[in-house]
Amino acid sequence: MTSAPQRAPELSSRRADFPALLRTHNGFPLAFLDGPAGTQVPRQVIDAIGRYYATCNANTHGQFVTTRESDRLLLETRETMAVFLGAEGMHTVSFGANMTTLAFSLSRALLRSFRAGDEVVITQLDHEANRGPWLALREHGIVVKEIAVRPDATLNEDDFASNINERTRLVAMGWASNAFGTVNNVGLARSLTRRVGAYLLVDAVHYAPHFPLDVQNAGVDFLLCSAYKFYGPHVGILYAREGLLDQLQTDRLSTQDPHAPYRIETGTLNHAALAGVKAAVDYIGSLASGATTRQTLMSAMALLGQHERALGEKLYTGLSAIEGVRIIGQPFTVPLRAPTVSFTMAGKRPETVCARLGEKGICTWDGHFYAVRPMELLGLLKEGGVTRVGVSLYTTEQEIERLVQEVGRIARLSE
Ligand SMILES: Cc1ncc(COP(=O)(O)O)c(C=O)c1O
């Protein structure tokens, strides 16, 4: 998406779909700028979850009406998610409690196909959920290497070529940084992993809410994301390239379906939440139109991306003009950047900044957001991390103006 940012005023009417946006605090309407930690949920998703409990709450694979309806719902959710991801089909889509749990399950499964001395490449920019499961493999003789983070919160791309070799079995990288909004060069990693026959795993938890996904075109082997970041409930999603999961020795019960996509799904899934996942993707699709569901979803994500980028740019410009504010991360002049802006303020800890914003009904996050390694390396951890502002579908220009004005006021306070 390199086109000039445009407004998408039609999205503002969709605010009415989100009941939480009616909340006030201390007399202020709540401004949810906390989307990177989880977005608000539209009525359509809430209703789908309620409808499941009200009408067909049952376990799967039985001989009566509600169990059959549950089977159909799960199938439809997988199919819908496959279309959203641009995947080969429903058998490439597995569900779990959250991204972290799926990443750990996958790391244990992959380990069974690795040998001591094999190498895994991770990055210093990533959320711990895409580092911890791979760092744990060190205990089993796997060599884990790290792509370095640079002061502007981008990855050192030269490190990919110097760290990926014939011993590399897996590169696990984030697509977008949940802490700084950086979008990483997955294409570069893909061409290097292909050369040596290594797997490419992408954490798209922060990318999926803001950009259209096309797993086949991107050529990833595994991709992980989380529905609660894109207007759905707390469910983790794993895409595994066709045929791949069936080759892995996953942790599973002897009674469990041993085939993909079920092969990595232990126990009973959260059916009601999965009803919500389907509703969330359908909801995104309702923002646009197209000849096919896939085209509709792609247009909707492009529309969302334009809206968010325009607001992200406004946010970046507004915050940059405040004395004492330092933004960590790239400016919006780069072609791809998530609308997530993190900053520090001279003499003020993020915790204090967020508490002051919170008093005014502005929800923002302070800290490291589990992206603890880059925070540490960029010298931010000892100062309490950063203040992070996220832009979502329902974010308005007025909310950005309110935030910027309030940050300006906090900057002028002597405390
Ligand atoms: C980039 C990124 N990766 C992974 C995760 C972990 O996701 P989950 O909460 O589904 O385990 C998060 C959560 O904030 C994230 O932002």
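By accessible area of protein heavy atoms, probe 1.4 Å, what ranking do F104, F95 get, highest first?
Result of the area sort, largest leading: F104, F95.
Would you work out the charge dipole size for the chain about its Cα centre, treating the Cβ of every Lys and Arg as +1 and the Cβ of every Asp and Glu as -1, and quote it to the nearest 20 debye?
Charge dipole of the chain: 200 debye, to the nearest 20.
So what is the relative contact order for the chain, in percent, with contacts set as C-alpha pairs under 8 Å and at least six apart? Numbers along the way, then the final one.
Details: 849 pairs, mean separation 94.2, N = 415.
Answer for the chain is 23 percent.
Starting from the amide H of T168, placed 1.01 Å from N in the peptide plane, find each other amide H under 5 Å away whose residue is 5 or more places distant or on another chain.
E119
Probe radius 1.4 Å, ligands and nucleic acids left out: which of H307, H234, H61 has the largest accessible area, and how do the rest follow?
Listed by decreasing accessible area, they come as H61, H234, H307.
Separation of region 272-324 and region 117-132 by C-alpha centroid, Å?
If we compute the Cα centre of each part, the gap is 28 Å.
Just read off the accessible area of Y262 with the full protein assembly in place, 1.4 Å probe, to the nearest 10 Å².
Its accessible surface works out to 70 Å², give or take rounding.
Given the -39500 (n - 2.57) contribution per DSSP H run of 4+ residues, what per-residue ellipticity at 222 nm results for the chain, rounded to the nearest 500 deg cm²/dmol?
-11000 deg cm²/dmol
Convert each backbone phi in region 218-226 into a coupling constant with the Karplus relation 6.51 cos²θ - 1.76 cosθ + 1.60 (shift: θ = phi - 60°), then list the ³J(HN,Hα) values in order as whole Hz, x for Gly and Pro.
6, x, 7, 8, 9, 9, 10, 8, 9
For a quick check, take a GNM of the chain with Cα springs below 10 Å and name the residue from R68, R263, R241 with the largest mean-square fluctuation.
R68
Work out which helices of the chain, taken as complete DSSP H runs, extend at least 24 Å along their axis over the Cα atoms and score a mean Kyte-Doolittle of -1.0 or more, then list them.
65-85, 293-320
Taking +1 at the Cβ of each Lys and Arg and -1 at the Cβ of each Asp and Glu, which of T266, L336, G27 sits farthest along the dipole of the chain towards its positive end, judged by Cα position relative to the Cα centre?
Checked the options; the winner is G27.
List nothing, just return the count: lysine pairs in the chain, 8 or more apart or interchain, with Cα separation under 27 Å.
9
Taking θ as phi - 60°, what are the ³J(HN,Hα) couplings along region 119-130 by the Karplus curve (6.51, -1.76, 1.60), each to the nearest whole Hz, with x for Gly and Pro?
Coupling constants for region 119-130: 10, 10, 10, 10, 10, 7, 8, 6, 4, 4, 5, 10 Hz.
When each pair of different Cα atoms in region 101-168 is counted once in the 1/r mean, what is the Kirkwood radius in angstroms, to one decimal?
After inverting the pairwise mean of 1/r, the radius is 12.5 Å.
Heads up, I need the accessible area for D257: 1.4 angstrom probe, whole protein in place, Å², nearest 10.
For D257, solvent-accessible area is about 70 Å².
The values are calculated or read from the model by the stated rules, or taken from the named source; none is laboratory data. Everything numeric here is computed off the predicted structure, so don't read it as measured data. Neighbour counts run over all protein chains shown; Cβ positions are idealised from the backbone, glycine included. When the accessible area is computed, the model is the full protein with side chains, heavy atoms only, and any ligands, DNA or RNA have been set aside. Shrake-Rupley method; radii C 1.70, N 1.55, O 1.52, S 1.80 Å.
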